[in-house]
Amino acid sequence: MTLNQAREELGLDFSLFELALQLGEIRTVPRGAGQWRVPLDEVTRLRDAPGHPQALLDRLALVTSTEGAALMGVSRDRLVRLARLGMIRPVRWYINRYRALVWVYLGHELREFAAASPALLEGRLPAGLRATLDAGEDQRARGWRSRRVAQLVRDCHDAWEEAAVWAALLGPEVTDDAVPDPFERARLRGIRAVLPPGRPGALATPEVIRKLTTADDPDEITLALVALADALGRARAEQPAPRPAFVPESRTPEGCTPEGRAPQGRALESRTLEERAPEDRLLEDRTQESRTPTSRTPEVAAPADRVPAGVRGGPPSRPSRSPRRGLLGRLRGRRSAADLAEQPFLHHRDQKVPVPVEDLTARQTAGAGRDG
């Protein structure tokens with residue numbers, strides 16, 4: 001049955017059902033990537049267990065350090081010291097309204113620890129443990145990460161998901177050094193970027209989440225690197241990371257491959273203009289024309305003695321005029337409204353200047369009236 005159906009059958013709310021799935025109190029079976037179902041016999045087993053549902057609720061009860069100390073019959077300071085030594089692992093954490101980090105424990109685990117280690121509940125701790133605490137040891141974050149990673153690895157669908165869990169534990173900096181292939185790193189980050197913190201609270205900043213979900217102990221990093229290498233090796237054997245169909249080759253200084261062939265990615269540019277399609281040539285002509293400066297270089301007229309009479313190809317010479325003065329001169333020098341309206345349509349990109357018509361006489365050759 002679906003997860004929601006199983007939750008309703010067991011009479012649990014969403015938070016307790018989620019916690020039961022994480023702790024493995026309710027067995028699930030995979031039905032594809034990210035899809036899970038609860039077997040019918042599992043629901044029957046839990047529902048028919050003695051003391052249901054109170055027995056299941058007792059195993060899912062969460063307590064803070066103050067509440068846990070009362071269950072164990074010790075002071076809160078003693079419980080915190082035992083948790084910093086790694087003897088008690090928290091199951092959750094959150095940031096309270098005072099922006100303080102609060103660790104949450106399972107009540108039945110605290111009772112089991114108190115029954116199994118009564119010597120650590122009273123009197124002074126051994127000298128070695130006191131020296132470790134004085135050095136600033138705090139294993140609470142590492143204990144939570146180890147529990148969370150074990151839960152995620154247990155529910156992984158394939159080797160790639162398992163490798164992504166270890167990569168998220170190591171963080172991007174360590175993962176980049178451990179996994180040199182960029183396509184494999186992209187797939188790992190696409191599956192899981194960071195460890196899911198659970199319910200950190202609304203005041204948990206990304207910096208706090210990153211700090212608590214990333215491995216920082218040397219032994220923890222070493223174990224995660226070994227596990228990542230093992231999972232990544234199995235993932236490569238099962239299904240290599242996807243790669244693009246075409247990867248541009250590195251060009252030599254001459255623009256060719258070491259074998260002397262032009263790279264495939266430059267095949268279009270290696271064709272001559274005559275070999276290209278008409279639309280390619282038209283596109284290149286427009287591109288080159290758009291790159292020319294707006295202000296053109298004025299044409300140089302041919303010498304007067306080289307331009308025969310009757311030829312209208314060259315620009316006519318204009319006599320020098322004195323600047324117009326007065327109101328009438330300024331009005332004559334202005335362009336009309338029709339000329340200004342037609343100005344955008346005479347842009348060099350939209351309309352080219354017509355080629356001057358040459359009037360050749362019988363005595364002149366075809367190149368007599370052209371420049372150069």
message: Taking each pair of distinct Cα atoms in the range 149-191 once, what is the resulting Kirkwood hydrodynamic radius in Å?
response: 10.4
message: Give me P(r) over the range 118-225, computed from all C-alpha to C-alpha distances, binned every 10 Å, as integer percentages.
response: 13, 38, 28, 15, 6, 1
query: Over the heavy atoms of Arg234, what accessible area does a 1.4 Å probe trace out, to the nearest 10 Å²?
result: 90
- prompt: Can you give the accessible area of Met87, probe radius 1.4 Å, in Å² rounded to 10?
  reply: 70
statement: Residues meeting the amide H criterion for Trp36 (H placed from the backbone, H to H distance under 5 Å, 5 or more places apart or on another chain) are Arg31
field: Burial ranking of peptide ranges 188-198, 132-142 (average Cβ count within 10 Å, highest at the top)
entry: 188-198, 132-142
Using distinct alpha-carbon pairs, which all enter the 1/r mean, Kirkwood radius of the range 1-53 in Å: 11.2
- prompt: Taking the highest mean first, how do the peptides 217-227, 143-153, 114-124 order by number of other beta carbon atoms within 10 angstrom per residue?
  reply: 143-153, 217-227, 114-124
message: Show me, for the range 100-109, the HN-Hα J-couplings you get by feeding each phi into the Karplus relation (A = 6.51, B = -1.76, C = 1.60, θ = phi - 60°), rounded to Hz, glycine and proline as x.
response: 9, 7, 10, 9, 10, 10, 7, x, 5, 5
- line: Going residue by residue through the range 22-32, the Karplus relation 6.51 cos²θ - 1.76 cosθ + 1.60 with θ = phi - 60° gives ³J(HN,Hα) values, rounded to whole Hz and with x marking Gly or Pro, of 5, 7, x, 5, 10, 7, 10, 10, x, 10, x
task: Please list the non-local residues whose amide H lies under 5 Å from the amide H of Leu85, H modeled 1.01 Å from N, same-chain partners needing a gap of 5 or more.
output: Gln139
- request: For Arg92, list long-range residues whose amide hydrogen, built 1.01 Å from N in the peptide plane, is under 5 Å from its own amide hydrogen.
  value: Val104
- prompt: For the range 169-174, in order, what is each residue's ³J(HN,Hα) by Karplus, 6.51 cos²θ - 1.76 cosθ + 1.60 with θ = phi - 60°, in whole Hz (x at glycine and Pro)?
  reply: 5, 6, x, x, 5, 5
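The values are calculated or read from the model by the stated rules, or taken from the named source; none is laboratory data. Just so you know, these numbers come straight off a predicted model, no measurement behind them. Because the Cβ atoms are built from the backbone with ideal geometry, glycine has one as well, and the counts that use them run over all protein chains shown. For the accessible areas, the whole protein counts, side chains as well, though only heavy atoms, and no ligand, DNA or RNA atoms are used. Shrake-Rupley method; radii C 1.70, N 1.55, O 1.52, S 1.80 Å.
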